[in-house]
Every structure is written in C-alpha cells, then in structure tokens.
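Reviewing the structure listed below.
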Amino acid sequence: MTRTLFVALVVLTTGSLADLRIAKVSELQFNATGPAGLKITGQTAKLEVSEAGDELTLRVPLDTVDTGISLRNAHMKEKYLETGKFPFAELKVPRASLKEGAGQKTTAAFTVHGQTRDVTVAYDVAKTADGLEVKASFDLNINAHGITVPSYLGVTVKPDMKVVTTFVVAP
C-alpha cells in the first residue's frame, strides 16, 4: 500500500530518471488502528519506480506486504486487497509539483484495489552522503478505494489509515 512519490524530487535536481535507483528503503508501511488500542502495521521494502512523460509512478507489489501474522497476511491479501486481481498499489506524481526541502506537500493520484483517488502527500527531502533521503506520508481511507473494512472475530479496524515511507534515492 503504499505509497511514495519522491524519487521525483531527484529528477528535478538531476534531470534524468534513467540513472536513478532506490538505494535503500528504510520504511514503507501502512498503519491501521482499531478498538482498545489495536494497531496493525503492514510493511515491505519493495518499491519500484518508472517515468512516463511528466509523471512518476511509484509501485508497491502488495504481495510483499507483511503484517507479522501469517493468517492476517492471508486475509489481507486474499479477502481485502484481492492481490490476485489488484497486485500493486501505485502513486502517480506530477514532476512539476515537487520541490526539495522540508515541510513540502503535493497532490498525487493513489491507486489501490482498482480505484484511484487524489491524496495529499507531506514530504521532506534532505541530501545525505548516499543520495537524497525522502520521508513522506499520506492518509488513506480504504472505503474510498472499494476495500471492505477488515474485521476478524468481531474486531474491526478503522477505515482511515496512514501510509509512511522513508527511502534514499541515488543517482
């Protein structure tokens, strides 16, 4: 699920995506909450990037997301996300909307479960010895994407979730 747009920032400073690579994914996760302090985190280190025209697409293969419990993973992938039909979550970001620095925001098109909605992404980009470190997050309501709210043994998570990522892009 996930989500991540910020390789685009490197394109603004280097001019070419062809030479870029994701050097390290420190964090790429969704966070869900429920009753009585229930917290569920699904995470992966798999992130793909491509460019078409003036738009960057970041893709997460949803079969790689792990919640730490195999039964919950199976339910998430088979029943709720239907990864056989919808294998990726994608974030499409217009290159022109991206800037370097802290406290930035942009609007991007997020697609999961075959449904696309605009999201507001908050992000920071800082130069490091390894490249550009990107920290980003956005809020997601799974109802807006046609995903049934997960429920198991009477415990139901809230439909509002947060997607968070930190990664380094290197030329």
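The values are calculated or read from the model by the stated rules, or taken from the named source; none is laboratory data. The structure displayed is predicted, hence computed values, not measured ones. Virtual Cβ from ideal backbone geometry, glycine too; neighbours counted across all protein chains shown. Ligands, DNA and RNA are excluded from the accessible area calculation, which covers all protein heavy atoms including side chains. Shrake-Rupley method; radii C 1.70, N 1.55, O 1.52, S 1.80 Å.
Can you give me the number of residues within the range 122-151 that are more than 28 Å from Lys99 (Cα to Cα) and in contact with a helix residue (DSSP H, G or I) (Cβ under 7 Å, 6 or more places away or on another chain)?
4
Residues being over 19 Å from Asn31 (Cα atoms) and over 17 Å from the mean Cα position of the chain (by Cα): count how many of those fall in the range 123-148.
Qualifying residue count, the range 123-148: 7.
Taking the range 106-120, which residues are within 22 Å of Thr83 (Cα to Cα) and open to solvent by 10 Å² or more (accessible area, probe 1.4 Å)?
Ala109, Thr111, His113, Gly114, Gln115, Thr116, Arg117, Asp118, Val119
What residue, of Thr2, Thr44, Thr83, is modelled with pLDDT of 95 or more and within 15 Å of His145 (Cβ to Cβ)?
Selected residue: Thr83, the only one of Thr2, Thr44, Thr83 that is modelled with pLDDT of 95 or more and within 15 Å of His145 (Cβ to Cβ).
Do we have any residue at all in the range 149-162 that's surrounded by fewer than 17 Cβ atoms within 10 Å (Cβ to Cβ) and either closer than 27 Å to Ala23 by Cα or under 15 Å from the mean Cα position of the chain (by Cα) (or both)? Full working, then the answer.
So the first thing to find is which residues in the range 149-162 are surrounded by fewer than 17 Cβ atoms within 10 Å (Cβ to Cβ), and the list is 149, 151-156, 158-160, 162.
Then keep just the ones that are either closer than 27 Å to Ala23 by Cα or under 15 Å from the mean Cα position of the chain (by Cα) (or both); that gives 160, 162.
Within the range 149-162 (the criterion being surrounded by fewer than 17 Cβ atoms within 10 Å (Cβ to Cβ) and either closer than 27 Å to Ala23 by Cα or under 15 Å from the mean Cα position of the chain (by Cα) (or both)), the answer is yes, since at least one residue qualifies.
Anything in the range 121-142 that is under 26 Å from Leu38 (Cβ atoms) and either hydroxyl-bearing (Ser, Thr, Tyr) or open to solvent by 90 Å² or more (accessible area, probe 1.4 Å) (or both)? List them, or say none.
Lys135, Ser137, Asp139
Would you mind stating whether Asp19 is at pLDDT 85 or above, farther than 20 Å from Phe138 by Cα and among the charged types (D, E, K, R)?
no
Take Leu47 and decide whether it is aliphatic (A, V, I, L, M), in contact (Cβ under 8 Å) with a residue 40 or more places away in the chain and farther than 30 Å from Leu153 by Cβ.
When the stated conditions are applied, Leu47 passes them.
Among the residues of the range 67-79, is any assigned to a loop (DSSP other than H, G, I, E, B), open to solvent by 60 Å² or more (accessible area, probe 1.4 Å) and in contact with a Ser or Thr (Cβ under 8 Å, 6 or more places away or on another chain)? Full working, then the answer.
Looking only at the range 67-79, we keep the residues that are assigned to a loop (DSSP other than H, G, I, E, B), and these are 67-69.
Filter once more, so that each one left must be open to solvent by 60 Å² or more (accessible area, probe 1.4 Å): 68-69.
From the residues that got through so far, the ones that are in contact with a Ser or Thr (Cβ under 8 Å, 6 or more places away or on another chain) too are 68.
Yes: the range 67-79 contains one or more residues that are assigned to a loop (DSSP other than H, G, I, E, B), open to solvent by 60 Å² or more (accessible area, probe 1.4 Å) and in contact with a Ser or Thr (Cβ under 8 Å, 6 or more places away or on another chain).
What do you reckon, is Leu132 farther than 21 Å from Leu81 by Cβ and of a type in the set (A, V, I, L, M)?
Considered against the rule, which asks whether it is farther than 21 Å from Leu81 by Cβ and of a type in the set (A, V, I, L, M), Leu132 comes out as yes.
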